[in-house]
Amino acid sequence: QSPESYFSLNFGNSLASEFVMSVTELDLLIQNVVLAQGETCRFRQENLQVLRWETYSPEEVLSFQQKPIDHIWERCVCHVTEAIQYIVEFAKRLSGFMELNPNDQIVLLKAGAMEVLLIRMSRAFNCYNSTVFFEGKYAPLEIFQSLGCSDLIGSMFDLCHSLCALNLSEHEMAFISSMILLDPSRPWLQDKQKVEILHKKLDHAFRYLLRTSLRESILTKLPQKGRLLSICQLHMEKLNIFRQMYPGIACERFPPLYKELFI
Ligand code: MHQ
């Protein structure tokens, strides 16, 4: 694994691999990851597809823009938290995750949940008109204007554009998410080796999946760690600015899971 990528880029039969997985083992792992994803998605791909062209009217966008900052923040944070609850559920279903020590489970979720949200966001993104599924309809970037985070939202939308261009399947997205979560290079891990083994197994299975579907070319096009990290850092910065602007009350109303992960 290279430091700037979640995915090892050595093609073909790598001599570097220290262990061999049988086809059965690979298939079982693929089944596990794909099932975990299928069971923990708030919105099914088919449903998102049907609603793709249901967008907010300009009047509705305007009414969002005129709402108070703290009101929109609270609403967005609630939706983000709900989405993260599903991601936590996804993590818990990945084989090996629950056997990690509780500290490391928290470390991985704190670092990875928001990154996985970005991957999942691309499923709910219509790249033909740059809108994202939000409260039942597709919303343009302007709807989030009153958050005061246009650079954050802008880079989230940009990332979705790059991800959409790859046309990722549900299987691929499931693997990308699992490998983001089980990243052994996260700081503060107590049992790095355990995560390393899980990550290597996922890496083998992912490459096996890509090989059989002739999709290995996407490996070099997936977003780099730094890109996801900088969006997560921007989110933390914006959150801090908001907390300074609205000390007390506003943040106290944020859901406990959000506070646990980001505050
Ligand atoms: C998920 C479903 C889902 C749910 C909520 C945090 C902040 C201050 C601003 C969606 C972010 C604003 C989010 C609600 C905005 C970019 C957030 C608010 C996939 C992801 C998705 C669609 C979230 C995407 C990001 C949204 C729109 O399965």
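Some notes on this structure:
- Rounded to the nearest 10 degrees, the angle from helix 150-165 to the longest Cα principal axis of the chain is 40 degrees.
- Karplus 3J(HN,Hα) series, Hz, for segment 99-104 with 6.51 cos²θ - 1.76 cosθ + 1.60 (x for Gly, Pro): 8, 6, 6, x, 4, 5
- Residue order, fewest to most surrounding Cβ atoms within 10 angstrom, among S130, S22, S177: S22, S130, S177
- For the pair I263 and K110, label points projected 7 Å from Cα toward Cβ lie 1.5 nm apart.
- Value of relative contact order over the chain, rounded to a whole percent, pairs C-alpha under 8 Å and six or more apart: 29 percent
- Rounded to the nearest 20 debye, the dipole size of segment 62-127 about its Cα centre is 200 debye, using +1 on the Cβ of Lys and Arg and -1 on the Cβ of Asp and Glu.
- Gain on full stretching of the segment that runs from C164 to E89 - 0.36 nm per residue minus C-alpha separation: 24.5 nm
- Model label zone, R42; criterion: amide N under 14 Å from point 7 Å along Cα-to-beta-carbon; scope segment 54-94: 74-90
- Over 18 Å [Cα-Cα, segment 115-183], rounded percent: 39 percent
- GNM top mover of P247, P223, P184 - the chain, alpha-carbon springs below 10 Å: P247
- Model label points for K67 and I197, set 7 angstrom from Cα along the Cα-to-Cβ axis, are 4.8 nm apart.
- Per-pair calculated FRET efficiency, R0 = 35 Å: Q233 and M21 via Cβ, rounded to 0.05: 0.50
- Gain in span if fully extended, N101 to S217, counting 0.36 nm per residue against the direct Cα distance: 38.2 nm
- Helix 192-212 vs. the chain, principal-axis angle (Cα, 0 to 90°, nearest 10): 90 degrees
- Largest GNM mean-square fluctuation across I106, I231, I87, computed for the chain with C-alpha springs under 10 Å, falls on I106.
- Across segment 218-263, Cα-Cα pairs farther apart than 18 Å form 43% of the total.
- Reduced Cα scattering model of the chain, Debye log10 I(q)/I(0), q = 0.07, 0.10, 0.12, 0.17 Å⁻¹: -0.26, -0.52, -0.75, -1.43
FYI, it's all coordinate maths here, none of it is from the lab. Note that the structure is predicted; figures quoted are calculated from it, not measured. Counting neighbours? That spans all protein chains shown, and the Cβs are built from the backbone with ideal geometry, glycine included.
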